[in-house]
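Enquirer: Below is a structure I'd like to ask you about.
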Amino acid sequence: MKRVVFVCTGNTCRSSMAEALFRKMLQDLGKQDEIQVESYGIAAVEGQPASEYARKVMEMEGIDLKGHKARQFREEVLDADLILTMTQSHKDYIVNRFPKAKGKVFLLGEFVGDYSEISDPFGQGIEVYEKVAKELKEKMSKILERLEKN
């Protein structure tokens, strides 16, 4: 089983939504037993719930994020096959702090060929969270395509 990890800052918005969306896509395709999906934050406060708007936007997708608990990125996460970050600074932090991660850590956009970052919706309105969810869904489809080819 492959292990894919999504990383942002606090693990309450972007990476938690990415994890949930990717897991749902895998379930919809009947591939949930092929890829293990997790999320972490490089500055997460362990146990924090997903933000209110992240939960609401995921609810609109038929996903329940109420049980999400933020997790701090740590060395054990490097066992993952693929680590996808929301920004270049997240990637740089991981590679600088854990040099052996090089080669398995990618900016999410970089992995799908567009090099764009997913901006942080924290503290903004629900429409910003909806935009982030839309961007994530578009990229998740491309990630699945790339993983299926490999």
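Enquirer: Can you list residue pairs whose Cβ atoms sit under 6 Å apart, with the first residue in segment 73-89 being hydroxyl-bearing (S, T, Y) and the second being modelled with pLDDT of 95 or more and not in a helix (DSSP H, G or I)? Count only pairs 6 or more apart in sequence or on different chains.
Expert: Sorted first by the residue in segment 73-89, then by its partner, the pairs are T85/V7; T85/L107; T87/E117.
Enquirer: Which pairs have Cβ atoms under 8 Å, sit 6 or more apart or on different chains, and link a residue in segment 127-146 that is under 16 Å from G62 (Cβ atoms) and free of Cβ contacts under 8 Å to residues at least 60 places away in the same chain to one that is surrounded by fewer than 21 Cβ atoms within 10 Å (Cβ to Cβ) and charged (D, E, K, R)?
Expert: none
Enquirer: Residues of segment 38-56 being aliphatic (A, V, I, L, M) and surrounded by 18 or more Cβ atoms within 10 Å (Cβ to Cβ), which ones?
Expert: Within segment 38-56, I42, A44, A50, A54 qualify.
Enquirer: Could you tell me whether K100 is of a type outside the set (D, E), under 17 Å from V7 (Cα atoms) and within 14 Å of the chain's Cα centre (by Cα)?
Expert: No; evaluated as a whole, the condition is false for this residue.
Enquirer: Right, something else. Within segment 78-100, work out how many residues are more than 26 Å from Y53 (Cα to Cα) and either surrounded by 19 or more Cβ atoms within 10 Å (Cβ to Cβ) or among the aromatic types (F, W, Y) (or both).
Expert: Residues flagged as more than 26 Å from Y53 (Cα to Cα) and either surrounded by 19 or more Cβ atoms within 10 Å (Cβ to Cβ) or among the aromatic types (F, W, Y) (or both) within segment 78-100 amount to 4.
Enquirer: Now, a different point. Could you list, in sequence order, all residues of segment 27-59 that are in a helix (DSSP H, G or I) and free of Cβ contacts under 8 Å to residues at least 60 places away in the same chain?
Expert: Q27, D28, E52, R55, E59
Enquirer: Another question, then. Is there a residue in segment 129-137 that is closer than 17 Å to E38 by Cα and hydroxyl-bearing (S, T, Y)?
Expert: no
The values are calculated or read from the model by the stated rules, or taken from the named source; none is laboratory data. Worth saying up front: this structure is predicted, and the values here are computed from it rather than measured. Backbone-built Cβ (ideal geometry, glycine too); neighbour counts: all protein chains shown.
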